[in-house]
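Only one structure is covered here, and it is reproduced in the block below.
The values are calculated or read from the model by the stated rules, or taken from the named source; none is laboratory data. Here the structure is a predicted model, which means the values were calculated and not measured. Here Cβ is always computed from backbone atoms with ideal geometry, including for glycine, and neighbour counts include all displayed protein chains.
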Amino acid sequence: MAVEDNKDNGKFEIYTKRVRAGKRTYFFDIKSTRSNDFYLTITESKRRYKDEGYFYEKHKLFLYKEDFNKFVDALNSAVNHVKTELLPDVDFSLFDRDDEDSQSEDTEVDANLKWD
């Protein structure tokens, strides 16, 4: 698949994953610079109503490759703390569901980019 130019600002999208979560949608986008340096943007998008129309409120986080492992470790630690210490009786698998549209929306250039 071809790498797409992102608004001609030197940043190229490599991979995107969309996660729908109720009124929110999260986008995990791997991008590269012209010098082939990779980073991740995590965007939270919420649909809002104002003045007889809808708009999307977005919050974006930039995560650079040197912080990937620290970020994933901290996120896993925080989620596991909630699951095991704060809400041990909740069956979190009840919240799992397949997003049928997400597979067709994902684009992947390099299958070797993994978080594990």
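Close contacts from region 39-57, counting a first residue that is free of Cβ contacts under 8 Å to residues at least 12 places away in the same chain and a second that is part of a strand (DSSP E or B) and of a type in the set (Phe, Trp, Tyr), with Cβ to Cβ under 6 Å and a gap of 6+ residues or different chains, come to Arg48/Phe55. Here is a check on your reading of the model: is Tyr26 of a type in the set (Phe, Trp, Tyr) and modelled with pLDDT under 95? The answer is no for Tyr26.
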